[in-house]
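Below is one structure, written out as structure tokens, with a few remarks after it.
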Amino acid sequence: MNSNNPFFKTKSFKDNNDAVNNAVIIDYNDTMTVSGTINKSFLMLILLIASAAITWIMTTSGQNPIILTIGGAIVGFILVLIATFKPQYSTFLAPGYAIFEGLFIGGISAIFEVMYPGIVIQAVSCTFVTFMVCFGLYKYEIVKVNEKFRSVVIAATLAIATYYLITWLLTLFTSFQPVHYGNSLMSIGISVVVIVVAALNLFLDFDQIEKGAQQKMPKYMEWYGAMGLMITLVWLYIEFLRLLSKISSRD
């Protein structure tokens, strides 16, 4: 049981680790490293921001990039599914995910910004601070990732995913309105819980990347790891946007 992030499933890492262990000679330059994963994560972030600027500018200039925004989310999700089952193609899929997900992030961020001026920079700041705090806690072993920790975080993440899926299906076929859709105190509380769980997933991501490097997995797993980390950060950012919008709408 590892990170619930689809890019850190045990099977994908185990299969690649077996392949490495069966090799007669392991070239360090052809294996996964933490520094390599960090560099690729930064590159993906640059690609995401660059593509986000496209739909952001279009929205703020009065255009309606709804097709690019929704299309980016759909294509990004498809790339996630492909890479989950074919991690060896992550070298190409990861940059593609960053670009298409950026289109979605830019469009949705611009919409929130129009409704609540200043909310985007707040969400970005909250996401960055959360990432740095979690990284520091992990780096200095203040928070240690063990099997019990993994089990609790994975169970909580699956519970959230199940809740979102069920409520989404109910809203499609009934007049049911989920409590987390409004700006009530309970809705805000749910958003806070989701953000905490998303932040806890960062610890699992850090741990899996470190272990992947220790086990000398193939070089393409750096892209795989960077892609998985980006998914968690995007999730965290979106949840911060939602939380801040709920709080702002109560003013």
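The values are calculated or read from the model by the stated rules, or taken from the named source; none is laboratory data. Keep in mind that this is a model prediction, so the values were computed, not measured. Ideal geometry is used to build each Cβ from the backbone, glycine not excepted, and the neighbour counts take in all protein chains shown. Ligands, DNA and RNA are excluded from the accessible area calculation, which covers all protein heavy atoms including side chains. Shrake-Rupley method; radii C 1.70, N 1.55, O 1.52, S 1.80 Å.
Principal-axis analysis of the Cα atoms of the chain puts helix 90-115 at an angle of about 20° to the longest axis. Of the listed values (i) 144; (ii) 134; (iii) 196, identify the label whose number matches volume of the Cα convex hull per residue in Å³ calculated from this model. So the structure-derived entry is (ii). The modelled label-to-label distance between L185 and A50, using points 7 Å beyond Cα along the C-beta direction, is 4.8 nm. Given +1 at the Cβ of Lys and Arg, -1 at the Cβ of Asp and Glu and no other charges, the dipole of the chain around its Cα centre is 280 debye to the nearest 20.
For region 92-165, a crude dipole built from +1 on the beta carbon of Lys and Arg and -1 on the beta carbon of Asp and Glu, taken about the Cα centre, is about 260 debye to the nearest 20.
Seen against the Cα atoms of the chain and their longest principal axis, helix 66-85 is set at about 30 degrees.
Ignoring ligands, DNA and RNA, what percent of the 1.4 Å accessible area of the chain is carbon and sulfur?
Details: 9350 of 13040 Å².
Heavy-atom surface of the chain belonging to carbon and sulfur, 1.4 Å probe: 72 percent.
To the nearest 0.05, how large is the calculated FRET efficiency for Q214 and S175 if R₀ is 45 Å and r is the Cβ-Cβ distance? It comes to 0.30.
Annotation: peptides 104-115, 200-211, 39-50, ranked by per-residue average of other Cβ atoms within 10 Å with the highest first, follow the order 200-211, 104-115, 39-50.
Stretching V152 away from T91 to a fully extended chain increases their span by 18.8 nm, per 0.36 nm per residue minus the current alpha-carbon distance.
Counting only alpha carbon atoms, the long axis of helix 147-173 and the longest principal axis of the chain meet at about 40°. Rolling a 1.4 angstrom probe over the protein heavy atoms with all chains in place gives the chain an accessible area of 52 Å² per residue.
Of K86/K144; K40/K246; K139/K216, which sit over 28 Å apart, Cα to Cα?
Values: K86/K144 30 Å; K40/K246 34 Å; K139/K216 20 Å.
Distance filter (> 28 Å) returns K86/K144; K40/K246.
Once every DSSP H run of n ≥ 4 in the chain is given -39500 (n - 2.57) and the sum is divided by its residues, what mean residue ellipticity at 222 nm do you get, rounded to the nearest 500 deg cm²/dmol?
Numbers: 8 runs with 192 residues, N = 251.
Theoretical 222 nm ellipticity from helices: -27000 deg cm²/dmol.
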